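What follows is a set of notes on a single structure, which appears directly below.
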Amino acid sequence: MDESWTFEKEPERLTPDSVLDELRARIGRGELESWLTSSSGRFLAFVTNTERAMVVLLDREGDPGEHAVTPGADGVSDGFVLSNGQCDEYPDEDTVPLAEGYRIVRHILAHGTPPPDAPWTIDR
């Protein structure tokens, strides 16, 4: 059976293209943190400040996970507003440009893994 993905607490299964449409709609509504859950128990977090994205993939609840990176990026970006109202900042090296974040999420939904050319850090 292929892995399927839904937004947390929503029953509708997502296609690789529909997830991008929904992420864009959520960001347009000011929802900058989104969690997806898979039929195999994995989680995918997408948090953005509308310019950069933190993309984290977890194998299960409580897993430290792994995340997309931009090696060598200088600076720190803020404005990553979580659903509980907390506003985070992250080193740019630990985030990716928004368009790259979309590409990574789409690839994970389509293939189960990040794109082979996307720099990635294992946090386990």
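Is it the case that region 63-73 has a residue that's farther than 20 Å from THR113 by Cβ and not small (Gly, Ala, Ser)? Break it down into steps so the answer makes sense when it comes.
We begin by selecting, within region 63-73, every residue farther than 20 Å from THR113 by Cβ; these are 72-73.
Restricting the remaining residues to those that are not small (Gly, Ala, Ser) gives none.
No, every residue in region 63-73 fails to be farther than 20 Å from THR113 by Cβ and not small (Gly, Ala, Ser).
With LEU23, LEU82 as the choices, which residue is aliphatic (A, V, I, L, M) and surrounded by 17 or more Cβ atoms within 10 Å (Cβ to Cβ)? Write out each step before concluding.
On the way: LEU82 fails: surrounded by 17 or more Cβ atoms within 10 Å (Cβ to Cβ).
Of LEU23, LEU82, the one residue that is aliphatic (A, V, I, L, M) and surrounded by 17 or more Cβ atoms within 10 Å (Cβ to Cβ) is LEU23.
Quick check: is even one residue across region 73-92 among the aromatic types (Phe, Trp, Tyr) and over 15 Å from ARG26 (Cβ atoms)? Steps first, please.
As a first pass, look at region 73-92 and keep what is among the aromatic types (Phe, Trp, Tyr): 80, 90.
Going one step further and asking which of them are over 15 Å from ARG26 (Cβ atoms), we end up with 90.
Yes, because at least one residue in region 73-92 is among the aromatic types (Phe, Trp, Tyr) and over 15 Å from ARG26 (Cβ atoms).
Can you tell me which residue in region 26-49 is farthest from ALA110 (Cα to Cα), limited to those that are surrounded by 13 or more Cβ atoms within 10 Å (Cβ to Cβ) and among the hydroxyl-bearing types (Ser, Thr, Tyr)? Before you say what the answer is, go through the steps one by one.
Going residue by residue through region 26-49, those that are surrounded by 13 or more Cβ atoms within 10 Å (Cβ to Cβ) are 26-27, 31-38, 40, 42-49.
Now drop any that are not among the hydroxyl-bearing types (Ser, Thr, Tyr), which leaves 34, 37-38, 40, 48.
On the way: SER34: 18, THR37: 14, SER38: 12, SER40: 14, THR48: 21 Å.
So the residue we want is THR48.
Mind checking which residues of region 1-20 are buried (at least 16 other Cβ atoms within 10 Å of the Cβ) and closer than 16 Å to LEU98 by Cα?
Correct list: VAL19, LEU20.
Only the coordinates and a few stated rules stand behind these numbers; no lab work does. Keep in mind the model is a prediction, meaning the values are calculated, not measured. So basically every Cβ, Gly included, is an ideal-geometry build from the backbone, and we count neighbours across all protein chains shown.
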